[in-house]
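The values are calculated or read from the model by the stated rules, or taken from the named source; none is laboratory data. Computed from a prediction, not measured in an experiment: that's the story for all the values here. Cβ coordinates were reconstructed from backbone atoms using ideal geometry, including for glycine residues, and neighbour counts include every protein chain displayed. To get the accessible areas, we keep the full protein, side chains included, count just its heavy atoms, and leave off ligands, DNA and RNA. Shrake-Rupley method; radii C 1.70, N 1.55, O 1.52, S 1.80 Å.
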Amino acid sequence: MPSSNQRLGLAALTALVVGSMVGAGIFSLPQNVARSAGPAAALIGWAVSGAGMLMLAFVFQALANRRPDLDTGIYAYARAGFGNYIGFSAAWGYWVASVLGNASFFVLIFSGIGHFAPVFGEGNTPAAIAASSVLLWTVHLLVLRGLRTAAIINSLVTVAKLVPIALFLVLAAGAFRMDVFRADFFGAPALGDMGQQLRGMMLVTVWVFIGIEGASIYSRRATRRADVGRATVIGFIGVWLLLVLVSLLSMGVLSQAELAGLPNPSMAYVLRAIVGEWGATVIIIGSIISVLGALLAWVLLCAEVLFAAAGDGTMPAFLGRENARGVPANALWLSNGLIQLFLLLVLFNSGSYTSLVLLAASMSLVPYSLSSAFGVKLAWQGEAYASAGGARWRDFIVALLASAYALWLVYAGGLDNLLLSVLLYVPGVVLYALTRHQRGERIFTRWEWILFGAILVVAIATLVAFWKGQLTL
């Protein structure tokens, strides 16, 4: 049980949600949206994605209140609803996704710095990877000093990174022109029909909404359990409004074709078109601060996922050990060690920010889908709803809608990323087998053997596709 000085209140939990969601994506949003959709599709897409993610936020809120015993994050819902192996897979997949996301943050940080210091290039040069490694282990030492210290710094960084975004919104609102917004309102012919444009919008939202579960990961550290659900909903609504305003206001400043052709972080170049070069400089600096804040939040999340999973027997016991300051040190070492490995792979394979984040988003969608499916199951069976009255069927409908939306996001994420995700799930079986051995339990039930066999077949097929050049990162 965390000590009182390691407890997190509503403000800190909300900052973790906002800090997890507002990272790199918002600064690249004008170009990313315009490349996929015109203003009409963007309006519809934001309404659909906002409603879908709000349903998912309500699911997390309901689960936090109905099953307070499940206080180790979203993987716990998968385990409670669908068994040990699926629960482990949700924890493993979410952890790997977090590690991939962190690696992408380092690439983007030094890609931004490369605007001022060309030696860092696109964030994947030897100098960039060396600097990333120094920064990684600096953050590591900071987190080792205590989760509350890191959470306070995250809250401060969250406030600091919202300042340039607010500046952008004010100036973009002043420069907004309705005639520019209405030109090619339904999208240029090259973007395809409305259905194609909406699918493109979903691909964009896959990444920018990742992190909505940030508060649920820290359920056990919350001062009040009810704050977990409140922080999730408050954080999501605030971030959704920011995302909508950034993308739509940009469409009234530059045409769809001009936005689609901007380099990233595209928000900087939209502001440059309004006020000149100083605007681009402010936004680029803001994007670096923003990604640093998201990086800190996600380093915390990486360690917490492993630590929480070890605490209830889902992961090996050695990952559940804390240092004198209440920090899950072993989990932190393993997480940052894998981040370092991914950074080296980026160096030797010239990996890009986009490829890393799309793969991370795809892996995160499986735990999201399982959490919403557990919400459906919980409400359908009536467990924890003995005296809830109409709340049971309200939660059932909300969870059903969230499940449909989560499955849609899996589809929108693309088959290639889904196959790569399956491939990354296979190595986790080693830790799962070790955990089951430590507990003196058999590795798989009969149906879990069948599930693992299916995963293995898909993973082998994915490797073959790699070998034949039919699938690439």
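Put Met267, Met194 in order of accessible area, highest first, and with a 1.4 Å probe you get Met194, Met267.
Explain nothing, just the number: relative contact order of segment 28-113, from Cα pairs under 8 Å at least 6 residues apart, as a whole percent. If you can, show how the numbers build up before the last one.
Details: 22 pairs, mean separation 10.5, N = 86.
This gives 12 percent for segment 28-113.
Given a 1.4 Å probe and the protein chains as shown, Ser250 ends up with an accessible area of around 0 Å². Using a cutoff of 8 angstrom between alpha carbon atoms and counting only pairs six or more residues apart, the relative contact order for segment 275-333 works out to 24 percent. Kirkwood radius for segment 379-434, taken over all pairs of different Cα atoms as the inverse mean of 1/r, rounds to 14.3 Å. Under the convention that each Lys and Arg Cβ holds +1 and each Asp and Glu Cβ holds -1, the size of the dipole of segment 356-455 around its Cα centre is about 240 debye.
From the P(r) of the chain, can you give the percent of Cα pairs sitting at distances over 39 Å? Mind showing how you got there, number by number?
Values: 20333 of 111628 pairs.
That fraction is 18 percent.
Taking the Cα atoms of segment 376-473, the ratio Rg/Rh between the radius of gyration and the Kirkwood radius comes to 1.12. Solvent-accessible surface of the chain, averaged per residue with a 1.4 angstrom probe and all protein chains in place: 39 square angstrom.
About its Cα centre, how strong a charge dipole does the chain have in debye, to the nearest 20, once Lys and Arg get +1 and Asp and Glu get -1 at the Cβ? All intermediate terms of the calculation are to be shown ahead of the outcome.
On the way: 27 positive and 18 negative charges, 199 e Å.
In debye, rounded to 20, the chain gives about 960.
Across the chain, the relative contact order, built from alpha-carbon pairs under 8 Å that are at least six residues apart, equals 30 percent. Measuring with a 1.4 angstrom probe and ignoring ligands and nucleic acids, Leu370 comes out at about 40 Å² accessible. Screening the chain for whole DSSP H helices with an alpha carbon extent of at least 20 angstrom along the helix axis and a mean Kyte-Doolittle hydropathy of at least 0.0 yields 39-66, 84-113, 126-144, 147-175, 194-208, 226-250, 277-311, 329-349, 353-381, 391-412, 446-467.
Note on segment 236-324: with neighbouring protein chains present and a 1.4 Å probe, carbon and sulfur make up 67 percent of its accessible heavy-atom surface.
Please report the carbon-and-sulfur percent of the accessible area for segment 431-473; probe 1.4 Å, protein heavy atoms only, DNA, RNA and ligands left out. List each step's numbers first, then the result.
Numbers: 2130 of 3150 Å².
Percent of accessible area from carbon and sulfur atoms in segment 431-473: 67.
Only protein heavy atoms count here; under a 1.4 Å probe, Val143 has an accessible surface of about 0 Å².
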